[in-house]
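Since every read-out is calculated from the coordinates, none of them should be taken as a lab result. Keep in mind it's a predicted model, so treat the numbers as computed, not measured. Cβ placement follows ideal geometry from the backbone for every residue including glycine, while neighbour counts extend to all protein chains displayed.
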Amino acid sequence: MKRALLLALAGAMAMVITLTATPTPPTPAPEPQAAKAPAAESKEARDKRMAWWRDARLGMFIHWGLYAVPAGDYQGKRAKDIGEWIMSWANIPRAEYEKFATQFNPVKFDAAQWVRIAKDAGMKYIVITSKHHDGFAMFNSTVSDYDIVDRTPYKKDVLKALSDEAKKQGLRFCVYYSIMDWHHPSQYVDAAGKDPTAGNSPNKMKPDQKAAYVTYMKAQLKEIITQYDPGVLWFDGEWNDWWTEADGQDLYAYVRGLKPDIIINNRVGKGRKGMEGLSKTDQVYAGDFGTPEQQIPANGLPGVDWESCMTMNDTWGFKSYDNNWKSSQTLIRNIVDIASKGGNYLLNVGPTAEGEIPAPSVERLAAIGKWMKTNSEAIYGTHASPFATQLAFGRATTKTGKLYLHVFNWPSDGKLQVPAIKGTVAKAYLLADRSKPLTVASAADGLTITVPATAPDADASVIALDLK
Ligand code: H79
C-alpha cells in the first residue's frame, strides 16, 4: 500500500515535469475493489459456462472502425504495419484522426449478410471490435460522443444490428474491447518524434486520471452488456505498465457481475505470455482462455482453454493494398490443426469503410463452408488428438465413441498407416462418402486402413472411425 502510493506519486511527479506547466496535486487512484477470485468457481460451473465456446471451435473476428477510412494510406504514407494501428504508425494527432468519422458512411453494410457469410462458413460466433485502440466506439455510447451514432454521417448502431442478426441466425455475438485508448484524455504519447495525442505502444496514463478512465471503461462495458448481451468479452491492449493484474481481476469480476455466464479472455489482466498468448502459470491470473495471436501452439495443452486469432492477409483492419492472402487450404488446415490441439480458431475479416467484407475473404470463407458442410462433425464438439506424437499424414480429433483422421498427405499406395489406438474399430468411412465402409486391419503396432486411390478432398479428407 505504502509502496503503491509511492510509485503512484513518483509516476505523477514525472508526469508533472513532462506535461503540465502548473501542476495540480495528484489524487492517487483508489485501491481496486476486491475481486471475486476466478478460482472460486467449481469445475462443474466452469465447464457449464464454457460449454458452448468449447463446442464451437470456429469463430469470426471482425476488425471494423475508423481506420477503414484511410485503409492504410495517410498523407502519402504507407506501411507494412497493421491497418488499425495507423493512428500510431502514421503519427496522426487525435484532432486529425477524429475527422475520419465524418467520412465513415458504410451504406453497403448489411448485418444479415455478414452473419450469413459467417454462418455459411460454419462459424458459431462473431467477435467484433466495439472499441479498438483508437478509442472510437462502434456502438451507441452515452458516456462518450466519440461513437458511430454521434460522429458519423451513417448515424446507426452497427453493433445493435449485428447482435440482433446473430441472435436471429443462431450465432453467438461477442465483442472485443481495448483497454489501451489513444483518444481518451487520460492517456498520452511520450515518445521522441511523436505527437502526444497520437497513438503509440506503449502509451502513458496520467495517474490522477486512471480512476476516471476505469469508471469510463466500466460504463461502456455496462452499455455493451446490457445493449448487446455478448457471449464473450475479448479484451486487448492490456500490456501497458499502467494496467495491473489487480486492475484485471477487478474488471473481470465487474464484467462477470454484470453477466455471470459471460466468457472473458486472458487479456483482461496480465497473465498473457507475449504473442504466444497463453497464460503464465506462476499464479492464478484473471481470464478464462488463452489468446495466441497469429500463431498456433506447437503442442496441445490438455485442460487449457485457448483460441488462436489469425488474419487471412497481414492486417486486421482493412488495408486497400494488402493482397498477401493465405490460401483456403492453409485456412482449412489451420482449423483442423487447432481443433486437433484442443483450441478454437478465430479467423479475422476487415471490412471496408463502405461496409463490405473484402471479396478475397468472402471467397475463402465460402471454401471453408464447403469443407465444413462435409466435415464439421470432425470439428464441432471435438477434443484434442489422442496420439502422443503428431501424425505423419495429418491430424486427429476425437469425441465420445469417435476418432477422426484428417488426412493432409494422402497415401500413394492406398494404405493409411495409423498408430495403435485405444478401443477397437467398429466401422471406418470417409465423411465425404459415408455409405462405403473402409477395410481396417488391426495389428499390435497400429491400423492399416485401405483407402481410395485419390483423396476426396485436396485440403483435408476426413476418415471417421466408430469405436467400441
Ligand atoms: O486487434 C489486433 C491487433 O491490433 C492487436 N491484437 C489483434 C487482435 C495487436 N495489438 N498489438 N499487436 C497486435 C502487436 C503488439 C505487440 C506488442 Fe507486446 C505489444 C509487443 C509489445 C507490446 C504483446 C504484449 C506482445 C508482447 C507484449
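Tabulated values for the structure
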| quantity | calculated |
| --- | --- |
| Net +/- balance of residues flanking MET372 in space, Cβ distance below 12 Å, scoring K and R +1, D and E -1 | +1 |
| For VAL284, VAL107, VAL214, order by how many other beta-carbon atoms lie within 10 Å, fewest first | VAL107, VAL284, VAL214 |
| Cross-link pairs LYS119/LYS319; LYS124/LYS160; LYS326/LYS370; LYS119/LYS373; LYS131/LYS168 - those with Cα-Cα distance over 21 Å | LYS119/LYS319; LYS131/LYS168 |
| Loop trypsin sites (Lys or Arg not before Pro), the stretch 329-431 (other Cβ atoms within 10 Å of the site Cβ: 12 or fewer; DSSP) | LYS422 |
| Reachable aspartates and glutamates from LYS436, criterion Cα separation under 20 angstrom, eight or more residues apart if same chain | GLU377, ASP413, ASP457, ASP466 |
| Hz values of 3J(HN,Hα) by residue in the stretch 235-244 - Karplus curve (6.51, -1.76, 1.60), Gly and Pro given as x | 7, 7, x, 9, 7, 5, 5, 7, 9, 10 |
| Eligible aspartates and glutamates near LYS468 by straight Cα distance, threshold 12 Å, same-chain separation 8 or greater | none |
| Taking N as its residue count, the alpha carbon Rg of the chain over 2.2 N^0.38 Å | 1.06 |
| Relative contact order (%) - criterion: Cα under 8 Å, at least six apart; region: the stretch 205-341 | 16 percent |
| Percent RCO, i.e. relative contact order, over the chain, from Cα pairs under 8 Å lying at least 6 residues apart | 16 percent |
| Charged-residue dipole, Cβ positions (Lys, Arg, Asp, Glu), the stretch 344-438 about Cα centre, Debye nearest 20 | 560 debye |
| Dipole magnitude of the stretch 105-234 about its Cα centre (Cβ charges: Lys, Arg +1; Asp, Glu -1), debye to nearest 20 | 340 debye |
| Residue (of ALA198, GLN209, ILE179) at the positive-pole extreme of the stretch 143-268, dipole from beta-carbon charges | ILE179 |
| Vicinal HN-Hα couplings computed from phi for the stretch 449-459 (Karplus, 6.51 cos²θ - 1.76 cosθ + 1.60; Hz; Gly/Pro x) | 9, 7, 10, x, 5, 10, 5, x, 9, 5, 7 |
| Per-residue HN-Hα couplings for the stretch 397-410 [Karplus 6.51, -1.76, 1.60; θ = phi - 60°; Hz; x = Gly/Pro] | 10, 8, 8, 3, x, 9, 10, 10, 9, 9, 9, 8, 10, 6 |
| Amide hydrogen neighbours beyond the local backbone of MET312, cut-off 5 Å, H modeled | ASN348 |
| Sequence of TRP89, TRP243 once ranked by neighbouring C-beta atoms within 10 Å, starting from the fewest | TRP89, TRP243 |
| Set of aspartates and glutamates near LYS80 by C-alpha distance (under 13 Å), chain-local residues within fewer than 8 positions excluded | ASP314, ASP322 |
| Most positive-pole-ward Cα, LEU301, THR281, THR311, against dipole of the stretch 255-316 from beta carbon charges | THR281 |
| Rg to Rh quotient for the stretch 243-323, alpha carbon positions, Kirkwood Rh | 1.05 |
| Ascending count of other beta-carbon atoms within 10 Å, so fewest first, for THR450, THR281 | THR281, THR450 |
| Interchain or long-range residues, amide H under 5 Å from ASP134's placed H | TRP182 |
| 12 Å beta-carbon shell around GLY317, net charge (K/R +1, D/E -1) | -4 |
